[in-house]
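Structure first, commentary second.
The values are calculated or read from the model by the stated rules, or taken from the named source; none is laboratory data. Treat the numbers as computed from the prediction; the structure is a model and nothing was measured. Using ideal geometry, Cβ is built from the backbone for each residue, glycine included, and neighbour counts are taken over all protein chains shown.
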Amino acid sequence: MIASLALVAGACGGSDDEAASDSSSSSASEAAVDTETGSEPESDSSEESDDAMEESDDDSMEESDDAAMDEPDDEGGNTVTVTDAVGEATVPVTDQGIYALDELMATILLTLDVQPVTTAAFFQDPLLAPVLISDRTELVEFGSIESIAATDPDLVLGIGHPNFIEIYDELNGVAPTVLPDFTDTWQAQTRTVAQIVDRVDEAEALIATVEGRIDALAAEIDEAGLAGQQAAILQDFGGSWFAYGPTTISGSVLASLGFTRSEIQSGEGDFGFIPVAEELVPDESNVEWVFGIATTSPDGGPAGGSIIDNPLVGGADSVVTDVGEAWFNNSVLGAWIVLDDIEAIVFGRGDVTQLDGAGAAFEALLAATSGETAEADAGEDVGDDTGDGDGGETAGGNVLDAATAAGASTIPGLAGFAPTFASVTQGEGPVTFFVPSEEAFTTFGTEFPDLTAALTADFDALDAALQYPVVDGALLAADVTALSELTAIDGNTITIEVTDDGVTLNGGQARIIETDITASNGVVHIIDRIILPPEIAATAS
């Protein structure tokens, strides 16, 4: 993360030497130091880099969407022309032999199911390290052009950081190089990379997954009466304060969720980082929500200050909280983690992502995207074989779609964190799904706050809990009432009793309040309370 701090320090007018003082001579944190001479770069070079960034900013998304496939190259492979932070580049379309200049680029590649051969730890980012370690890619220190050339890459990809722009010609001499504009939206960066590595469909699925989650959370924020409230994103970098503006990953997500920003926080700054005079910090933070970027050094220790106890920050009614470095990371995974954090802070679901949480977030994003793809495939199969229940409704799509159509929107939103549950409910089926109503979730959260927090923090336990109210086979209400018990897909038993008050489950723990909502892969019945497998229910008791 040191290199990212150097980038921010430059935006705030800080000294590059100061920003790099804690890093080794081989690290990328010498953010604006000439890679050959060790001297400060010429002002013309810096201005050219800025110009390149500015010129590509407005048009990058449109041009990345419209990138043209060219004629086959001399070796018979296809090429693609894209616009990046330097200009227009024509490179081979390949998912092999890629050298990723930084962790953010590697993360974009990995979410597209492309493994870079080598990744340079340019940002020295301890948050992303768990995603990149193990068998996914070799993580090395960012070094010289010679060290990059020694890996014999077929393609070099990195975000449009000023350091990379400055040595673009040398990089391009090693292998075709693309540096997507750092100020592009996360969607545009994902699309640009996807065209290069031939993963356009996968990119659109990722984007649809994250945008769908944004829309769902925005609706929840609006329903809670929080839309329009002001939010500040601040960081204290060695006594120099700055705000994350609307073009940063976190700023753009907050805007999409319905939060507003102050005039200063809505302004413009280099790479989206806006200097804030210290005397203005109290005014800037006297808002409903204050999110402080709490940075860490490569060894996991603090590299920037927490704002929680800072006397300058927050008004009497402000919610002030630290968030992690993902709020800096302009990538599809960064957007996903910001959403995780907003859910944790605003609604108490789970915890703010810590250093060891990026791997789980990465897997949850891929699982959710896989679910979106399965859902789309299932939607294509909806046809004459989907019949009406006895007096019930017919919903297009799978049982999760049917639950959403019936107004039970919470469980489908959790499917992205529960891969086994998602695969069953979005698979071929048939299954019967007893879906808790929205009121059931509200009641459960009030009665069992500790268990709610534990389930949303432990994806395995959440997955197990969600599987319990699902049984094999498409059972209409008449089928259910003819039985005394059912076997859930996890092997546990659900008991059934017909009473004067209706049909109840597990000795009155829940009552069926709506029946026979049919879907392409089964049937949904709505219940008024959450039912849990015995091993989890025991903790609730």
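Hey, any hits in the stretch 469-485 for a residue that's under 36 Å from the mean Cα position of the chain (by Cα) and of a type in the set (S, T, N, Q)?
The initial filter retains those residues of the stretch 469-485 that are under 36 Å from the mean Cα position of the chain (by Cα), namely 469-474.
Next cut, of a type in the set (S, T, N, Q) only: none.
No, there is no match, as no residue in the stretch 469-485 is under 36 Å from the mean Cα position of the chain (by Cα) and of a type in the set (S, T, N, Q).
Specify the residue that is surrounded by the most Cβ atoms within 10 Å (Cβ to Cβ); the eligible residues are those in the stretch 239-254 that are of a type outside the set (S, T, N, Q) and assigned to a loop (DSSP other than H, G, I, E, B). Give the steps one after another, and end with the answer.
Of the stretch 239-254, the ones of a type outside the set (S, T, N, Q) are 239, 241-246, 249, 251, 253-254.
Now narrow it down to the ones that are assigned to a loop (DSSP other than H, G, I, E, B): 239, 245-246.
Numbers: 239: 8, 245: 23, 246: 17.
Of everything passing the filter in the stretch 239-254, 245 is surrounded by the most Cβ atoms within 10 Å (Cβ to Cβ).
Just checking: which of the strands (runs of 3 or more DSSP E) contained wholly in the stretch 88-160 hold 3 or more residues that are hydrophobic (A, V, I, L, M, F, W, C) and either farther than 14 Å from residue 358 by Cβ or modelled with pLDDT of 85 or more (or both)? Lay out the reasoning, then the answer.
Working: elements: 88-92, 98-100, 118-120, 138-140, 155-157.
Those strands (runs of 3 or more DSSP E) span 155-157.
Take residue 490 and decide whether it is out of contact with any Asp or Glu (no Cβ under 8 Å at 6 or more places or on another chain) and either outside the structural domain of residue 220 (by TED's automatic domain parsing) or assigned to a loop (DSSP other than H, G, I, E, B) (or both). Quick ask: steps written out before the conclusion?
On the way: out of contact with any Asp or Glu (no Cβ under 8 Å at 6 or more places or on another chain): yes; either outside the structural domain of residue 220 (by TED's automatic domain parsing) or assigned to a loop (DSSP other than H, G, I, E, B) (or both): yes.
Yes, satisfied.
Select from the stretch 388-440 the residues that are closer than 23 Å to residue 220 by Cα, at pLDDT 85 or above and surrounded by fewer than 20 Cβ atoms within 10 Å (Cβ to Cβ) and list them in ascending order.
439
Would you check if there is a residue in the stretch 222-229 being under 22 Å from residue 291 (Cβ atoms) and assigned to a helix (DSSP H, G or I)?
Of the residues in the stretch 222-229, the ones under 22 Å from residue 291 (Cβ atoms) are 222-229.
Now drop any that are not assigned to a helix (DSSP H, G or I), which leaves 222-223.
Within the stretch 222-229, one or more residues are under 22 Å from residue 291 (Cβ atoms) and assigned to a helix (DSSP H, G or I).
Is it the case that the stretch 332-340 has a residue that's at pLDDT 85 or above, on the phi < 0 side of the Ramachandran plot, in contact with a Cys (Cβ under 8 Å, 6 or more places away or on another chain) and not hydrophobic (A, V, I, L, M, F, W, C)?
Filtering the stretch 332-340 for residues at pLDDT 85 or above gives 332-340.
Then drop every residue that is not on the phi < 0 side of the Ramachandran plot, which leaves 332-340.
If we keep only those that are in contact with a Cys (Cβ under 8 Å, 6 or more places away or on another chain) too, we end up with none.
No, the stretch 332-340 has no match at all.
Can you tell me which residue in the stretch 496-541 is modelled with the lowest pLDDT, limited to those that are acidic (Asp, Glu), part of a loop (DSSP other than H, G, I, E, B) and surrounded by fewer than 16 Cβ atoms within 10 Å (Cβ to Cβ)?
Across the stretch 496-541, the extreme among qualifying residues is 501.
Looking only at residues that are of a type in the set (Ser, Thr, Tyr), part of a helix (DSSP H, G or I) and in contact with a Gly (Cβ under 7 Å, 6 or more places away or on another chain) in the stretch 429-471, which one is nearest to residue 350 (Cα to Cα)? Can you show your working first?
So the first thing to find is which residues in the stretch 429-471 are of a type in the set (Ser, Thr, Tyr), and the list is 432, 437, 442-443, 446, 452, 456, 468.
Going one step further and asking which of them are part of a helix (DSSP H, G or I), we end up with 442-443, 446, 452, 456.
Right, trim to in contact with a Gly (Cβ under 7 Å, 6 or more places away or on another chain) and you get 452, 456.
Working: 452: 8, 456: 5 Å.
Checked the stretch 429-471; the qualifying residue nearest to residue 350 (Cα to Cα) is 456.
Quick one: which residue in 257, 171 is surrounded by 18 or more Cβ atoms within 10 Å (Cβ to Cβ) and over 24 Å from residue 352 (Cβ atoms)? Can you show your working first?
Numbers: 257 fails: over 24 Å from residue 352 (Cβ atoms).
Selected residue: 171, the only one of 257, 171 that is surrounded by 18 or more Cβ atoms within 10 Å (Cβ to Cβ) and over 24 Å from residue 352 (Cβ atoms).
If you check residue 267 against the conditions, is it under 30 Å from residue 442 (Cβ atoms) and surrounded by fewer than 22 Cβ atoms within 10 Å (Cβ to Cβ)?
On the way: under 30 Å from residue 442 (Cβ atoms): no; surrounded by fewer than 22 Cβ atoms within 10 Å (Cβ to Cβ): yes.
When the stated conditions are applied, residue 267 does not pass them.
The conditions are (1) in a helix (DSSP H, G or I); (2) touching a residue at least 60 places away in the same chain (Cβ under 8 Å); (3) over 30 Å from residue 91 (Cα atoms), and residue 215 fails exactly one of them. Which is it?
Answer for residue 215: the failing condition is (2).
Conditions first: (1) outside any helix (DSSP H, G or I); (2) farther than 29 Å from residue 285 by Cβ. Residue 236 passes all but one, so which condition is the exception?
Evaluating residue 236 over (1) outside any helix (DSSP H, G or I); (2) farther than 29 Å from residue 285 by Cβ leaves (2) as the failure.
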